[in-house]
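Before any comments, here is the structure.
The values are calculated or read from the model by the stated rules, or taken from the named source; none is laboratory data. It should be emphasised that the depicted structure is a prediction, and the values quoted were computed from it without experimental measurement. A quick note on method: Cβ atoms are made from the backbone with ideal geometry, for glycine too, and the neighbour counts reach across all protein chains shown. What goes into the accessible areas is simple: the full protein's heavy atoms, side chains included, and nothing from ligands, DNA or RNA. Shrake-Rupley method; radii C 1.70, N 1.55, O 1.52, S 1.80 Å.
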Amino acid sequence: IGKGRPARLRAALSNAFGFGGSGAVLVFEEAASASRGLPTSTRASVAVTGTASLDLSGLLVGERCAAAFAAPSADARDSPSLRPLDLLDPARSRRFDTQASLVTAGAGAALGNAGLPAAEAGLIVGTAFGSVERTVSFIRASIDKGPRRAAPAEFPHLVPSAASGNASIYLGLSGPVLTTSHLEASAEAAIALGCDWVEAGFATGMVAGSAEAEDALVETVLAPACEDGPGRSSRAAGTAWVVLEPLNVARGRDARVLAVFLGRYEFGLEALAEARIPPPAAPGRAIVASARDLA
């Protein structure tokens, strides 16, 4: 007892559990063991059954989300502040910041639009920056007043997964929950991961999207690069979401299918300039979305 001893192991687990219920478990197996008895997965067609967006124009769901793109862009500096916290139960969201309330209100509205019970869904949140201002305020208080004066209850809300964890608890989600960050392509990364998980059978439904709060520090850095004219910035807080389900599951529950992913293509930076995406085989509307990784 108390001493290590050599042993031949066939498999091992590595556990990591974080704030807000977020955790991950890695399973390591010998190559020979891992090749036996694994199920053959079939990749399912992915359908979009719900959408929602929330910005300065208000909360939009379903086809109404297109109105956010049809309307002229508002000047973020002259527009009223966005208060998604007003859409939530104050007793259950009293510690939420704008980022967490954007994720919760937007993802919840998308689930409602899809008619998908929260208990059957997972969540993937994309964010470029997270809660920078709240983090800096915590660090500044620790420096100015000393580490003993920093509020321990505040720290769990500063990690990148805080918003997704808070939203999953508030909405009662039971599927997998994840936060991803890929700068301006964070929303695309979240949707791509959501498709992967639905295709692989990890979840029967995933809410995927992105949220960015109005952050004074981020705005100071990025506003000059986003100016539509002298002193006019196009940046503003907002969030947008889609609900992803296997196409056969969506049809089985008579859900309204808003769109179907016909295919996804990945290219390295060297091949991106020469990449060609074939048109859809069937006639109809199609959307091709791309994002260049400049990191």
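Hey, can you find the accessible area per residue of the range 78-139 for me, probe 1.4 Å, expressed in square angstrom?
Counting only protein heavy atoms, the per-residue value for the range 78-139 is 43 Å².
By average Cβ neighbour count within 10 Å, what is the ranking of 178-187, 147-156 from highest down?
With the highest mean Cβ count within 10 Å placed first, the list reads 178-187, 147-156.
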